[in-house]
Amino acid sequence: MKILVSLFLGATLAMSAAESAHEFSMKAIDGKQVDLKQFAGKPVLFVNVASQCGYTPQYKGLESLYRKYKDQGFVIVGIPANNFGSQEPGTNEEIATFCKRNYDVSFPMMSKVDVKGGSMTPLYGYLTKTSGDVKWNFTKFLVGKDGKIMQRFEPGVDPMAAELTSAIEKALK
């Protein structure tokens, strides 16, 4: 028991010591390892997504947002999670197929992870450290070119909303 506690505390300390989203790695939806360092110098919008949520149509706006700004260096990273109402029950392959077939998603998608609770992926430990837990699907975190959190947008904020697009334009400068 003591070993598990110290391992847990060690992991917590490691997460809290991170100073940038670029310090993490995740698996892409196809299973390949993705070092988030590759996004250094680019603003990134991390979004926890789900395919059976009332906010699922936001995939369309996210794709429009990505296509509008990607040539300027902007990236969206979709992170499937089944933490809220079991609204992302599919496998990574099923999620990828759903996103491509229904919304022609071309932005990077990661493998399904937990974005809250004891098995929360370390990136979300960093993203939520100061702003509190994610409360629902399609919460958006805008991270600047330096990997530091610039702003958090709750699920009800449409991807093409002026408050989000203006924050992205500021991050691109």
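The values are calculated or read from the model by the stated rules, or taken from the named source; none is laboratory data. Computed from a predicted model, the values in this text were never measured in an experiment. For neighbour counting, all protein chains shown are included, and Cβ atoms are generated from backbone atoms with ideal geometry for every residue, glycine included.
Tabulated values for the structure
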{"quantity": "Residue match in region 82-89 (condition: closer than 21 Å to residue 100 by Cβ, loosely packed, with under 14 Cβ neighbours inside 10 Å, more than 17 Å from the chain's Cα centre (by Cα) and modelled with pLDDT of 95 or more)", "calculated": "yes"}
{"quantity": "Condition broken by residue 19, with the remaining ones in (1) acidic (Asp, Glu); (2) over 22 Å from residue 99 (Cα atoms); (3) surrounded by 17 or more Cβ atoms within 10 Å (Cβ to Cβ) satisfied", "calculated": "(3)"}
{"quantity": "Residue in region 138-159 that is among the hydrophobic types (A, V, I, L, M, F, W, C) and either closer than 13 Å to residue 80 by Cβ or at pLDDT below 95 (or both) present", "calculated": "yes"}
{"quantity": "Residue pairs meeting the criteria (Cβ under 6 Å; at least 6 apart or on separate chains; first closer than 19 Å to residue 139 by Cα, in region 33-48; second assigned to a loop (DSSP other than H, G, I, E, B) and hydroxyl-bearing (Ser, Thr, Tyr))", "calculated": "48/139"}
{"quantity": "Residues being in a helix (DSSP H, G or I) and in contact (Cβ under 8 Å) with a residue 60 or more places away in the chain - total across region 156-168", "calculated": "3"}
{"quantity": "Flag if residue 106 is modelled with pLDDT under 95 and surrounded by fewer than 20 Cβ atoms within 10 Å (Cβ to Cβ)", "calculated": "no"}
